[in-house]
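A short worksheet on the structure shown next.
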Amino acid sequence: MDISRLPTEARQRRRAEIRAFLRSRRARVTPAEVGMPAGGGRRTSGLRREEVAVLAGVGVSWYTWLEQGREINVSGEVLDAIARVLRLDPSERAHLYLLAGLNPPPVEAGAAAGPAVVPDALRRVVDGWLPRPAYLIDRHWNFVAVNDAARAVFGYGVGDHNCLVSFFTSAATRSSLCHWQDGARAIVGQFRADAARYPDDPWFGRLAADMCAASPAFAELWAEHQVGSAAQGLKALRHDAVGELVFEYTTLPLPDLPGHRLMLYTPAPGGDTGARLARLLETGGAVGAEAGARS
């Protein structure tokens, strides 16, 4: 991001924000926490500008200009050094990058590879989307939370752990989903785009190799090197119990859970999907279809 191209008012807001942000963060770090003597004559308990500069290995004038929001050249390495001194968490570090005019670095694979703790409030959002389908997937496309409507409509059961795997290995998915080939091409493109976001995460490569071995359709599409992403769209499927269902879907990223996505479905306007969905749920959600989770 070229800060010099921002309108004057936007540059002024940025200066005020970075000044307030860095001042507040160095004010909360005491000299003792970084191994420095407290000394005398301090008006606050936090670090001084020159102390931050020394600990980060940058010039005092340069750090002062950064805190003042001046349009200076910055690098990710220097911002990381400042983030370490000020003990910024990942969200604060990303915020500093943006204020300095740089794109935040991707989340380190090692830091995010383990299962994230999903807040109960988010699970309640998934369940609260009833009577419409909703589910939550993690960065590896594993199902984290699925509501009853999604189980009834898409046929997700105990054996469904990953929506990419379910899409390509379930015969019911292929027979029920309208325009399966188009959906398959889109889902592979989305998976390849996700894999590129985490180049240090070997899991994506392993799953791609396994899927190529298990599904000739996936292998053929993977070889095309298509890349894509869809935040919203339409999904149509034929359910054995109630007939055709057409949904609008929206994909919501979750900043507090990097890589996780909330998938929300709403009956498409102008049809009778809403009424058919109500009948399906009234009858206990008889499973008659398994549709791909990300087409």
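Each value in this text was obtained by applying a stated rule to the coordinates, not by laboratory testing. Predicted, not measured: the structure shown is a model, and the values here were computed from it. Quick reminder, even Gly has a Cβ in these numbers, built from the backbone with ideal geometry, and neighbours come from all protein chains shown.
Here are the numbers for this structure:
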read-out: Helical mean residue ellipticity (222 nm; -39500 (n - 2.57) per DSSP H run of 4+; nearest 500) of the chain; value: -13500 deg cm²/dmol
read-out: Quarter of the Cα convex hull surface for the chain, i.e. its orientation-mean projected area (nm²); value: 19.7
read-out: Around SER24: net Lys/Arg minus Asp/Glu count, Cβ-Cβ under 12 Å; value: +2
read-out: Share antiparallel - DSSP beta bridges, the chain, percent rounded to 5; value: 100
read-out: Cα-based Rg of region 160-272 normalised by 2.2 N^0.38 Å, two decimals; value: 1.13
read-out: About the Cα centre, charge dipole magnitude for the chain (Lys/Arg +1, Asp/Glu -1 at Cβ), debye; value: 1220
read-out: Positive-pole candidate from ALA171, ALA209, GLY69, dipole of the chain, charges at beta carbon; value: GLY69
